[in-house]
Amino acid sequence: NREFNSVTPENEMKIDATEPQQNQFTFGNADRIVNHALGRGMKVRGHTLAWHSQQPGWMQNMSGSALRSAMLNHVTRVATYYRGKIDSWDVVNEAFADGSSGARRDSNLQRTGNDWIEAAFRAARAADPGAKLCYNDYNTDDWTHAKTQAVYNMVRDFKTRGVPIDCVGLQSHFNSGSPYPGNYRTTLSSFAALGVDVQITELDIEGSGTSQATAYRNVVNDCLAVARCTGITVWGIRDTDSWRASGTPLLFDGNGNKKPA
Ligand code: 9MR
């Protein structure tokens, strides 16, 4: 409450959490977070409406037009339920493959047809016209990476064809194998130049002390240098609650004390 003016549910808005049985929606855990945030004047980032992962069992077992319909129904129902309360939605999460291919990630959603992403965005816009609609991914921080270029080309195509997209989320999970790239500011400004906002959505940087603090400072300065970089979300508050707890990647230690970063 003291340090943040925006909150993202780490797991509570995922598909398995909000639609555990087909057409039976459960919003209790997400509502607690949303109500806490809005009651204190914080913004909420919604995460996430369509994703190959964290699908409930019933959805994992679906394919083709039935899955396409179920996915669009999910997007519509959840975005409608939270209409007016979400600043930005991660409409589609992690739809591109890693590595040098620049291809879409294979998934049951991708196999419903290449237009599944734009279909999800159109459904989200219809359900909540006031929310900013984002495409969110990881390993899209280095401007030279094929995956970054592939997402860039999709966003450019969407803007050209009038597909409703307002923002790109860069997850920005950094560690020694995937370090903060020196061209990060170029990535932010290049996406912004397409006419979308850029948001840093899941920031964590493994390390400690001065080097970790320097990396955090670089990320923040890059965002501040790009007018359309409109938010920085860290993926957790205390190190001990991080999905990468052993890497102590966050801003507060296990006792909730501020680190140099
Ligand atoms: O931090 C999340 C962790 O608690 C969950 O077990 C995991 C699986 O749903 O998801 C983690 O969050 C992921 C996010 O939703 C998407 N980008 C990668 C994040 C780290 O895995």
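Among residues other than Ala97 whose Cβ falls under 15 Å from its Cβ, what is the net charge (Lys/Arg +1, Asp/Glu -1)? Each step should come with its number before you reach the end.
Details: positive: Arg104, Arg105, Arg111, Lys147; negative: Glu94, Asp98, Asp106, Asp137.
So the environment of Ala97 carries a net charge of 0.
Build a GNM of the chain with springs between Cα atoms under 10 Å: which of Asn114, Asn139, Asn11 gets the top mean-square fluctuation?
Asn114
Could you give the angle, 0 to 90 degrees to the nearest 10, between helix 146-161's Cα long axis and the longest principal axis of the Cα atoms of the chain?
50 degrees
So which trypsin sites (Lys or Arg not before Pro) in the range 25-105 pass both tests, a DSSP loop state and at most 14 other Cβ atoms within 10 Å of the Cβ?
Passing both the DSSP loop test and the Cβ count: Arg40, Arg83.
Can you give the Rg and Dmax of the chain based on its C-alpha atoms, in angstrom?
17.8, 52
Given a Förster radius of 45 Å and the C-beta distance between Asn153 and Asn255 as r, what FRET efficiency does 1/(1 + (r/R0)^6) yield to the nearest 0.05?
E between Asn153 and Asn255, to the nearest 0.05, is 0.50.
So what is the calculated 222 nm ellipticity per residue for the chain, using -39500 (n - 2.57) for each DSSP H run with n of 4 or more, over all residues, to the nearest 500 deg cm²/dmol? Walk me through the intermediate numbers first.
Working: 8 runs with 92 residues, N = 261.
Rounded to the nearest 500, the figure is -11000 deg cm²/dmol.
Please report the projected area of the range 103-161's Cα convex hull averaged over all directions, in nm². Each step should come with its number before you reach the end.
Values: hull surface 18.9 nm².
That works out to 4.7 nm².
Quick one: net charge around Met62, please, counting Lys, Arg +1 and Asp, Glu -1 for every other residue with C-beta under 15 Å from its C-beta.
Surrounding charge for Met62 is 0.
Under the definition of Cα pairs under 8 Å and six or more residues apart, what whole-number percent is the relative contact order of the chain? Please report the intermediate quantities before stating the final value.
Values: 500 pairs, mean separation 34.6, N = 261.
So the answer I get is 13 percent.
Quick one: longest stretch of the chain between exposed loop GluC sites (Glu not before Pro), exposed meaning at most 15 other C-beta atoms within 10 Å and loop per DSSP? Don't skip to the answer; put the middle values down first.
Working: sites that count: Glu3, Glu10.
Of all site-free stretches, the longest is 11-261.
Taking only protein heavy atoms and a 1.4 Å probe, what accessible area per residue, in Å², does the range 16-160 have with all protein chains in place?
Details: 6100 Å² over 145 residues.
Value for the range 16-160: 42 Å² per residue.
Considering all alpha-carbon pairs of the range 168-261, what whole percent are spaced by more than 24 angstrom?
Across the range 168-261, Cα pairs with separations above 24 Å total 19 percent.
Where does each of Ser101, Ser242 land when they are ordered by accessible area, with a 1.4 Å probe and the largest first? Don't skip to the end; give the middle numbers.
Working: Ser101 80, Ser242 10 Å².
Correct descending sequence by accessible area is Ser101, Ser242.
Could you grab the Rg to Rh ratio for the range 1-49? Cα atoms only, Kirkwood for Rh. It would help to have the intermediate numbers written out before the result.
Details: Rg = 11.6 Å, Rh = 11.3 Å.
Answer for the range 1-49: 1.03.
Could you work out what % of the accessible surface of the range 70-124 is carbon and sulfur, using a 1.4 angstrom probe and leaving DNA, RNA and ligands out of the count?
45 percent
When the accessible area of the range 168-261 is split by element with a 1.4 Å probe, what percent falls to carbon and sulfur? Display every interim value, and only then the final one.
Details: 1990 of 4000 Å².
Exposed carbon and sulfur together represent 50 percent of the surface.
Quick check: Cα centre of the range 76-142 to Cα centre of the range 1-49, how many Å?
The two parts, judged by their Cα centres, are 17 Å apart.
Looking at Ala193, Ser172, Thr112, which one has the Cα that reaches farthest to the positive end of the dipole of the range 104-202 (charges on Cβ: Lys, Arg +1; Asp, Glu -1)?
Thr112
For the chain, what is the percent of antiparallel DSSP beta bridges, rounded to the nearest 5?
Among the beta bridges of the chain, antiparallel pairing accounts for roughly 15 percent.
Expressed as a rounded percentage, what relative contact order does the range 1-147 have, with Cα pairs under 8 Å and six or more residues apart?
24 percent
The values are calculated or read from the model by the stated rules, or taken from the named source; none is laboratory data. Given the structure is predicted, the values throughout are model-derived calculations rather than measurements. Quick reminder, even Gly has a Cβ in these numbers, built from the backbone with ideal geometry, and neighbours come from all protein chains shown. Note: accessible area is taken over every heavy atom of the protein model, side chains too, but ligands, DNA and RNA are not part of it. Shrake-Rupley method; radii C 1.70, N 1.55, O 1.52, S 1.80 Å.
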